[in-house]
Amino acid sequence: MSFFFSGAETALMALNRLKLKAQADGGDPKAQAIKAIVANPDKLLGVILLGNTIANIAAATLVTYFITRFVPQDRTELVSLISSVVLTLTILIFCELTPKLVAATHAEEVSRRILQPIRLFLIALSPFARLAA
């Protein structure tokens with residue numbers, strides 16, 4: 001999920017707005033939908049930030065759960081430290097850097113592929129993102 005939200009943010013913000021407008025004005029329905037989404041960047045970024053935060057907290061919670069469940073009590077501190085470092089590196093490399101590099105390089109293609117899921121997240125998370133703002 002974090003991979004998705006990081007890539008979505010970069011792709012939608014890196015779009016060529018003039019090209020998007022020309023495509024939308026030419027009748028391209030996906031371009032019209034993407035144009036409408038990026039027209040409200042505060043809402044979009046709020047939902048993306050909320051989704052990314054939920055994903056990262058869920059990952060940390062799952063790691064903690066598995067450590068407390070399956071690691072002997074006398075090893076939990078060491079395993080917790082190691083897993084925190086591994087999770088941090090994993091999030092940085094695979095959930096921040098990689099999706100942003102891919103999305104920046106292929107902004108239009110990525111934006112078109114994520115259109116439906118991002119619409120669903122905008123519907124589902126917008127009320128909560130507005131509460132946090």
Among the residues of region 32-47, write down those that are small (Gly, Ala, Ser), surrounded by 11 or more Cβ atoms within 10 Å (Cβ to Cβ) and without any contact (Cβ under 8 Å) to a residue 40 or more places away in the chain.
36
Report, by residue number, each residue of region 80-118 that is more than 30 Å from residue 65 (Cα to Cα), of a type in the set (Lys, Arg) and under 14 Å from the mean Cα position of the chain (by Cα).
113
Just checking, how many residues over region 1-31 are surrounded by fewer than 16 Cβ atoms within 10 Å (Cβ to Cβ) and free of Cβ contacts under 8 Å to residues at least 60 places away in the same chain?
10
Among (1) over 17 Å from residue 10 (Cβ atoms); (2) exposed (fewer than 11 other Cβ atoms within 10 Å of the Cβ), residue 93 falls short only on (1)
Region 33-74: number of residues that are in contact with a Leu (Cβ under 9 Å, 6 or more places away or on another chain) and charged (D, E, K, R):
2
Restrict the check to region 62-72 and report whether at least one residue is within 20 Å of the chain's Cα centre (by Cα) and either modelled with pLDDT under 95 or under 26 Å from residue 129 (Cβ atoms) (or both).
yes
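The values are calculated or read from the model by the stated rules, or taken from the named source; none is laboratory data. What you see is a predicted model, and the numbers here were worked out from it, not measured in a lab. Every residue, glycine as well, gets a Cβ built from its backbone with ideal geometry; the counts of neighbours run over all protein chains shown.
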